[in-house]
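Written below as structure tokens is the structure these notes are about.
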Amino acid sequence: MPYRGFIATLGVLVCLAGPALAQQASRLAPAESEAFAFRRLQSELMVAALSCNDMRHRDAYNTFVHRFRPALSENARVLKAYFKRHHGSAATRRLDAFITGLANDASLASMGDRNFCVNALARFEAINRTDEDQTAGRIVEEAEMLIDQ
């Protein structure tokens, strides 16, 4: 299932891993695609919580982390397995670099978009209204629907 933000995530992956990953990216399992998209969303929401200077963002992020702890844990497991399979002993370093890259991209987006905080709050509200047992893919879909409107 293609996600609008997934293309940006693939760009970060290619920068971190080189051309070989571009070929691998086209063969991601659905759970891996969801994991990359969900991690991107998590990074964007974390940046909003830290940079929007509004307690509503921090409270909403804390709610997100609490409500979706199982999805966050499963997502971390999928990403770790992916990086371990593709990078072996360098997996932790590569995963850390990937996550840092996502956070940096989200931070740059927050500085370049006057509506970043307003949009982030709307995304928090939509996501936090979903059922607690939602999959990473469904949570990303909820957040992406707001962008596509």
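Is it the case that LEU50 is out of contact with any Ser or Thr (no Cβ under 6 Å at 6 or more places or on another chain) and crowded, with 18+ Cβ neighbours inside 10 Å? When the stated conditions are applied, LEU50 does not pass them. Being buried (at least 18 other Cβ atoms within 10 Å of the Cβ), of a type in the set (Val, Ile, Thr) and either out of contact with any Cys (no Cβ under 9 Å at 6 or more places or on another chain) or at pLDDT 85 or above (or both) is the requirement here; does ILE127 meet it? It is true that ILE127 is buried (at least 18 other Cβ atoms within 10 Å of the Cβ), of a type in the set (Val, Ile, Thr) and either out of contact with any Cys (no Cβ under 9 Å at 6 or more places or on another chain) or at pLDDT 85 or above (or both).
For the stretch 100-149, filtering for residues that are farther than 19 Å from ASN75 by Cα and acidic (Asp, Glu) leaves 4.
Which one of these is more than 14 Å from ALA136 (Cβ to Cβ), modelled with pLDDT under 95 and surrounded by fewer than 18 Cβ atoms within 10 Å (Cβ to Cβ): ALA90, ALA106, ALA20? Can you show your working first?
Values: ALA90 fails: modelled with pLDDT under 95; ALA106 fails: surrounded by fewer than 18 Cβ atoms within 10 Å (Cβ to Cβ).
Matching residue, one of ALA90, ALA106, ALA20: ALA20.
Within the set TYR61, TYR3, the sole residue that is buried (at least 21 other Cβ atoms within 10 Å of the Cβ), among the aromatic types (Phe, Trp, Tyr) and at pLDDT 85 or above turns out to be TYR61.
Those helices (runs of 4 or more DSSP H) of the stretch 54-149 in which at least 3 residues are basic (Lys, Arg), considering only elements entirely within it, cover 55-67, 69-87. I'd like to know if the stretch 58-74 contains one or more residues that are among the hydroxyl-bearing types (Ser, Thr, Tyr) and touching a residue at least 24 places away in the same chain (Cβ under 8 Å). Checked against the condition, which is being among the hydroxyl-bearing types (Ser, Thr, Tyr) and touching a residue at least 24 places away in the same chain (Cβ under 8 Å), the stretch 58-74 yields at least one hit. When ALA120, ALA71 are checked against the criterion of being closer than 20 Å to ALA143 by Cα, surrounded by 16 or more Cβ atoms within 10 Å (Cβ to Cβ) and modelled with pLDDT under 90, a single residue qualifies: ALA71. In this structure, is ASP113 closer than 15 Å to SER51 by Cα, surrounded by 18 or more Cβ atoms within 10 Å (Cβ to Cβ) and of a type in the set (D, E, K, R)? Spelling it out, it is not the case that ASP113 is closer than 15 Å to SER51 by Cα, surrounded by 18 or more Cβ atoms within 10 Å (Cβ to Cβ) and of a type in the set (D, E, K, R).
The values are calculated or read from the model by the stated rules, or taken from the named source; none is laboratory data. Just so you know, these numbers come straight off a predicted model, no measurement behind them. All Cβ positions, even for glycine, are placed from backbone atoms using ideal geometry, and neighbour counts span all protein chains on display.
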